[in-house]
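Engineer: One structure, pasted below without further comment.
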Amino acid sequence: MCYSLCVNGDETTLPSDQQRLQRLLEQQSLVHQFTLVLGETTNLLDLYETICRYISELMDANAFIVSSYDPARKEIRARFIMADAVVHDASSFPPIPLEEEGFGVQSEVIRTGKPLLIPDFVAAMRRTKTVHSFSEDEGLPEPGTRAEVESRISTRSVLLVPMKIRGETVGVIQVQSKRFAAYSPEASELLSSLANVAAIAIQNAQLLREARETAQRLRTTLDGAVAAIARTTEFRDPYTAGHQRRVADLTCSIAEELALDLDRIEGLRIAALLHDIGKMAIPTEVLTRPRELSILEYSMVKQHPQVAHDILKTINAPWPLHEIVLQHHERLDGSGYPQGLRADAIVLEARILAVADVVEAMCSHRPYRAAHGLDAALAEIEAHRGSLFDAAVVDACSALFRSGRFAFE
């Protein structure tokens, strides 16, 4: 890709209106291509590298710097630095204070909101108060006097353009060349157009990253709260310690086998971790009784899905947690509880949870019986495939265990 009017610094005249129109059309095409390229990139570092690579194909760029401006602190901070095709750690560079009028090349671009074309960089740096240089090998800031810093500068000409969003300057793109007068007014015009597209793309990538970080913090908080709630049930019933976690593991694996989307699986995971919290309303002596339960005691146990539902329906969650836990003891033929729902009236998540719950329970020891084991558990769900339990869910569960792709810890 090449735009000759930008690459050659001495081509600064356009002898005809037709050539001016041609230049504008070429520039519009390049900006459109740039927009499409950036639209495919959301990772911030990848975005910086894409911007650098695209611009380097259009003009001489031995070094490329993207800086942001913080108006509250009045600071300019390097966000991306590339020199001689090597990307350096911009975080190691201290911020540059916004200098007063008449000083600082980046400061001038921030203050005026206009491009700055510098044919002799070393001369221009003499009116910049804050000067940083970095080693080309390690990319780290190098100390030294102004004279020492200037002696190490290999840059001869620079083009700086503002990045603007809604008319406000939010940063600067700076390209540097080891040749004097490497950039033309046409290069400045093109880079300014690209910079505004880049500014929006960078802002979107930053917002996306912040949203992901916020979501991760919220998920961590939610996971901690869910785990704490789940443990309260296990403290009251030590014989089923770990039951909800193991059921959640199997539930998620079945859901993945059935190709549910990730968000739906996440809701199912949380519902599985909380599916027995309604047992907090059952007396401890009933939960830990070392014999078969009486009809009255069993009727008390059968209330735990409704209790869990009543607790979870007060939570403003993006998933129907309360419905899933309410229905996890329902059966396709209507013989389940507490509502006696049939077939498709039972949500898929509850049908998955029902199978995982039965398999884990049969594989585990209880006060009133020994563990039945995995073979018996799989035989049970397969015997009732399509009658009590969803056929596709049973098939997925059996396939996971029989192929060795899942095992309880």
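Engineer: Out of Arg53, Arg77, report the one residue that is without any contact (Cβ under 8 Å) to a residue 12 or more places away in the chain, surrounded by fewer than 19 Cβ atoms within 10 Å (Cβ to Cβ) and basic (Lys, Arg).
Structural biologist: One residue alone meets the criteria, Arg53.
Engineer: Scan Glu292, Glu256 and give me the residue that is part of a helix (DSSP H, G or I), surrounded by fewer than 17 Cβ atoms within 10 Å (Cβ to Cβ) and either modelled with pLDDT under 95 or not hydroxyl-bearing (Ser, Thr, Tyr) (or both).
Structural biologist: Residue meeting the stated conditions: Glu256.
Engineer: Which residue out of Arg79, Arg73 is at pLDDT 85 or above and part of a strand (DSSP E or B)?
Structural biologist: Arg79
Engineer: Say we look at region 89-146 and pick out the residues that are assigned to a loop (DSSP other than H, G, I, E, B) and among the polar types (S, T, N, Q); which of these is modelled with the lowest pLDDT?
Structural biologist: Only one residue fits best here, namely Ser135.
Engineer: Need the failing condition index for Ile202 against (1) at pLDDT 90 or above; (2) β-branched (Val, Ile, Thr); (3) closer than 29 Å to Val358 by Cα, just the number.
Structural biologist: (3)
Engineer: While we're looking at this one, here's another question. For region 167-188, how many residues meet the condition of being farther than 15 Å from Val109 by Cβ, of a type outside the set (Gly, Ala, Ser) and either part of a helix (DSSP H, G or I) or out of contact with any Pro (no Cβ under 7 Å at 6 or more places or on another chain) (or both)?
Structural biologist: Residues meeting the conditions: 4.
Engineer: Go through region 348-374 and give me each residue that's touching a residue at least 40 places away in the same chain (Cβ under 8 Å) and loosely packed, with under 14 Cβ neighbours inside 10 Å.
Structural biologist: The answer is His365, Pro367, Tyr368.
Engineer: Same structure again: Working only within region 299-334, note down all residues that are within 14 Å of Ala272 (Cβ to Cβ) and among the acidic types (Asp, Glu).
Structural biologist: Within region 299-334, Glu323 is the sole residue that qualifies.
Engineer: Considering only residues of region 38-50 that are at pLDDT below 85 and buried (at least 16 other Cβ atoms within 10 Å of the Cβ), which is farthest from Ala195 (Cα to Cα)?
Structural biologist: Looking at the filtered set, the residue picked out is Thr41.
Engineer: A follow-up question, please. Could you please find all residues in region 383-409 being free of Cβ contacts under 8 Å to residues at least 60 places away in the same chain and either assigned to a loop (DSSP other than H, G, I, E, B) or touching a Ser or Thr at 6+ places or on another chain (Cβ under 6 Å) (or both)?
Structural biologist: Of everything in region 383-409, those that are free of Cβ contacts under 8 Å to residues at least 60 places away in the same chain and either assigned to a loop (DSSP other than H, G, I, E, B) or touching a Ser or Thr at 6+ places or on another chain (Cβ under 6 Å) (or both) turn out to be His384, Gly386, Ser387, Leu388, Asp390, Ser403, Gly404, Ala407.
Engineer: Tally the residues that are in a helix (DSSP H, G or I) and among the polar types (S, T, N, Q), restricting the search to region 295-311.
Structural biologist: So the count comes out to 2.
Engineer: Looking at region 198-223, I want the residues that are in the same structural domain as Asp46 (by TED's automatic domain parsing) and have a partner that is outside any helix (DSSP H, G or I) and surrounded by fewer than 13 Cβ atoms within 10 Å (Cβ to Cβ) with Cβ atoms under 6 Å, at least 6 apart or on another chain. Which pairs are those?
Structural biologist: Hits for this filter: zero, empty list.
The values are calculated or read from the model by the stated rules, or taken from the named source; none is laboratory data. Worth saying up front: this structure is predicted, and the values here are computed from it rather than measured. Note that we place each Cβ from the backbone using ideal geometry, even for glycine, and neighbour counts take in every protein chain shown.
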